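Everything below concerns the one structure shown next.
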Amino acid sequence: MITKEQQERFLAACRKTMKSSGGKKGIGTLGERTLHAAIKAYLEPEETRHEVPVGPFVADIRKEDGIVEIQTRDFNKLRKKLDYFLELGPVTVIYPVPMRKWLSWIEEDGTVIPPRKSPKQAGPQEIFRELYRIKSFLKEDGLRFCILLLELEEYRLKNGWGNGGKRGSTRFDRMPVALLDEVWITGPEDYGKLIPETLGDSFTAKEFSKAARISEGMGTLSMNVLHFVGAAERVGKKGNAYLYRRRAAAFQDQMKK
């Protein structure tokens, strides 16, 4: 659960970022980096620790206890950095997820339509798509992940096709409104946090998808990662589908023997 102190620090970081970018009149000044900058200010208020050169790369944050990288998407871009940074010490990858989203459209003349709440809700399982891209690193010592579940405002340009230019539109900026929760993965045992509690001890990828409210394709990727890191084991089949069991359940069975 998020503490009052964490929420206050997060909101202060958001206000600081908004002020530096000119407020809502300056939407897009930092582009997609508005969200990135707010998270960076929340995690490390001391700006001298931001954007620190480390060998041939630049770390988002570097402190005595390790390096922090904020990645809003496409973990493929982290591969070379992880290769280098993990040789130096612990690396924490921060991944923001829009659990609650307000959507505003920007017309061709620059008019911003008042925000409407998006019916789509995302959960921490969204990270599986990205974890799959760097699966070969997941068992490396010192690699940690923090999923930030956020409420945010998203601004999109009406420059697409169909439905008044909304289909295929460009995301212009994202601005955080509130921090809802943090999910930390510091080792193989923590991946079990991403298995919905509503599932039983054994389940298929399809059942996982339904419980997590994600697509079946995402469910398959998720179980691939969970099996790889040892958070779930295959215990047979249910029809043509693999049947998985939580690692915790398997451990309890071993203790009974």
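The values are calculated or read from the model by the stated rules, or taken from the named source; none is laboratory data. Since this is a predicted model, take the numbers as computed values, not measurements. No Cβ is skipped: glycine too gets one built from the backbone with ideal geometry, and neighbour counts run over all protein chains shown.
One residue stands out among those in the range 148-164 that are in contact with a strand residue (DSSP E or B) (Cβ under 8 Å, 6 or more places away or on another chain) and without any contact (Cβ under 8 Å) to a residue 40 or more places away in the chain: the one that is surrounded by the most Cβ atoms within 10 Å (Cβ to Cβ), which is 160. Residue 40 meets the stated requirement of being crowded, with 20+ Cβ neighbours inside 10 Å, in the same structural domain as residue 181 (by TED's automatic domain parsing) and under 15 Å from the mean Cα position of the chain (by Cα).
Here's a check for you: in the range 139-161, which residue that is in a loop (DSSP other than H, G, I, E, B) and in contact with a Gly (Cβ under 8 Å, 6 or more places away or on another chain) is nearest to residue 226 (Cα to Cα)?
The first filter runs over the range 139-161 and keeps only residues in a loop (DSSP other than H, G, I, E, B), leaving 139-142, 158-160.
Adding the requirement that they be in contact with a Gly (Cβ under 8 Å, 6 or more places away or on another chain) leaves 142, 158-160.
Working: 142: 18, 158: 38, 159: 38, 160: 36 Å.
Restricting to residues being in a loop (DSSP other than H, G, I, E, B) and in contact with a Gly (Cβ under 8 Å, 6 or more places away or on another chain), the top hit is 142.
Tally time: how many residues in the range 120-138 are at pLDDT 85 or above and assigned to a loop (DSSP other than H, G, I, E, B)? If you could, list the steps in order and put the result at the bottom.
First pass over the range 120-138, keeping only residues at pLDDT 85 or above: 122-138.
Next, from what is left, pick out any that are assigned to a loop (DSSP other than H, G, I, E, B): 122-123, 134, 138.
Number satisfying all stated conditions: 4.
Quickly run through the range 196-215 and pick out the residues that are more than 18 Å from residue 121 (Cβ to Cβ) and modelled with pLDDT of 95 or more.
Narrowing the range 196-215 to residues more than 18 Å from residue 121 (Cβ to Cβ): 199-207.
Listed by number, the residues that qualify are 203, 204, 205, 206, 207.
Yes or no: the range 170-186 includes at least one residue that is on the phi > 0 side of the Ramachandran plot, surrounded by fewer than 17 Cβ atoms within 10 Å (Cβ to Cβ) and either outside any strand (DSSP E or B) or free of Cβ contacts under 8 Å to residues at least 40 places away in the same chain (or both). So far as the range 170-186 goes, no, none of its residues is on the phi > 0 side of the Ramachandran plot, surrounded by fewer than 17 Cβ atoms within 10 Å (Cβ to Cβ) and either outside any strand (DSSP E or B) or free of Cβ contacts under 8 Å to residues at least 40 places away in the same chain (or both). In the range 200-214, the residues that are more than 14 Å from residue 226 (Cα to Cα) and touching a residue at least 40 places away in the same chain (Cβ under 8 Å) reach residues that are buried (at least 16 other Cβ atoms within 10 Å of the Cβ) and among the acidic types (Asp, Glu) with C-beta atoms within less than 9 angstrom, at least six apart or across chains, in these pairs: 214/126.
Scanning the range 75-109 for residues that are farther than 16 Å from residue 145 by Cβ and without any contact (Cβ under 8 Å) to a residue 24 or more places away in the chain yields 80, 83, 87, 109. What are the residue pairs meeting all of these: first residue in the range 62-74, first residue over 12 Å from residue 94 (Cα atoms), second residue β-branched (Val, Ile, Thr), Cβ atoms under 7 Å, and 6 or more apart or on different chains? From residues that are over 12 Å from residue 94 (Cα atoms), the pairs are 62/52; 62/54; 66/91; 66/92.
Quick check on this structure: which one of 136, 118 is touching a Lys or Arg at 6+ places or on another chain (Cβ under 9 Å) and surrounded by 13 or more Cβ atoms within 10 Å (Cβ to Cβ)?
Going through 136, 118 in turn, just one is touching a Lys or Arg at 6+ places or on another chain (Cβ under 9 Å) and surrounded by 13 or more Cβ atoms within 10 Å (Cβ to Cβ): 118.
Among the residues of the range 225-239, none is identified as more than 18 Å from the chain's Cα centre (by Cα), closer than 28 Å to residue 120 by Cα, in contact (Cβ under 8 Å) with a residue 40 or more places away in the chain and assigned to a helix (DSSP H, G or I). Given the structure, is residue 249 more than 27 Å from residue 142 (Cα to Cα) and either in contact with a strand residue (DSSP E or B) (Cβ under 7 Å, 6 or more places away or on another chain) or modelled with pLDDT under 90 (or both)? Against the criterion (more than 27 Å from residue 142 (Cα to Cα) and either in contact with a strand residue (DSSP E or B) (Cβ under 7 Å, 6 or more places away or on another chain) or modelled with pLDDT under 90 (or both)), residue 249 does not qualify. Restricted to the range 94-115, and to residues there that are charged (D, E, K, R) and in a loop (DSSP other than H, G, I, E, B), the residue that is surrounded by the most Cβ atoms within 10 Å (Cβ to Cβ) is 107. Here 168, 160 are screened, and the one residue that is in contact with a Lys or Arg (Cβ under 6 Å, 6 or more places away or on another chain), within 30 Å of residue 108 (Cβ to Cβ) and small (Gly, Ala, Ser) is 160.
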